[in-house]
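Comments concern the structure below.
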């Protein structure tokens, strides 16, 4: 049995993270990056906090839109919680899909920069071409676990 007190960890995490990043899992899996993300170390674990409220609202809207559009593509029951693997596919595949749609040839996808470019090009988060972005979500394969 673990010697960690999970309740104490959750309390410390809640107090340390001022603005929760909706793409935290994707950032921690290193499939993307964000210029506004702040990495924190808590109890030998890594966490991500956002540093900008306005950008965080855009990320939340994009994250929600990815969930709405990916439910059918990933065959997820609307009443069920998102499994970890499918959440990673939605986050990483969604960001990489947006990167592809925008023709961004950079190495690592910067979520904040991509959203700013997407909004400038398409007008709003709701008007992003989700049918094209979903192709990347469906085809995204999370990295395999180490043995």
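The values are calculated or read from the model by the stated rules, or taken from the named source; none is laboratory data. Bear in mind the structure is a predicted one, so any value in this text is a computation, not a measurement. Cβ coordinates were reconstructed from backbone atoms using ideal geometry, including for glycine residues, and neighbour counts include every protein chain displayed.
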**Prompt:** Of the numbered conditions (1) exposed (fewer than 14 other Cβ atoms within 10 Å of the Cβ); (2) touching a residue at least 12 places away in the same chain (Cβ under 8 Å); (3) farther than 25 Å from residue 122 by Cα, residue 20 satisfies every one except a single condition; which is it?
**Reply:** (1)
**Single match in 34, 59 (criterion: under 11 Å from the mean Cα position of the chain (by Cα) and outside the structural domain of residue 132 (by TED's automatic domain parsing))** = 34
**Asked** When residue 40 is evaluated against the numbered criteria (1) in contact with a helix residue (DSSP H, G or I) (Cβ under 6 Å, 6 or more places away or on another chain); (2) surrounded by fewer than 18 Cβ atoms within 10 Å (Cβ to Cβ); (3) part of a loop (DSSP other than H, G, I, E, B), which criterion, by number, is the only one it fails?
**Response** (3)
**Fill in**
Across (1) more than 16 Å from the chain's Cα centre (by Cα); (2) more than 15 Å from residue 27 (Cα to Cα); (3) surrounded by fewer than 16 Cβ atoms within 10 Å (Cβ to Cβ), residue 107 clears everything bar (2)
**Request:** Count, please, the residues in the range 43-72 that happen to be touching a helix residue (DSSP H, G or I) at 6+ places or on another chain (Cβ under 7 Å), under 23 Å from residue 107 (Cα atoms) and outside any strand (DSSP E or B).
**Result:** 5
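Within the range 81-98, track down each residue that is free of Cβ contacts under 8 Å to residues at least 24 places away in the same chain and part of a helix (DSSP H, G or I).
Result: 86, single match.
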**Subset of the range 58-68 that is free of Cβ contacts under 8 Å to residues at least 60 places away in the same chain and surrounded by 13 or more Cβ atoms within 10 Å (Cβ to Cβ) - its residue that is nearest to residue 134 (Cα to Cα)** = 67
**Item:** Residues of the range 99-140 classified as in a loop (DSSP other than H, G, I, E, B) and in contact (Cβ under 8 Å) with a residue 24 or more places away in the chain, total
**Value:** 5
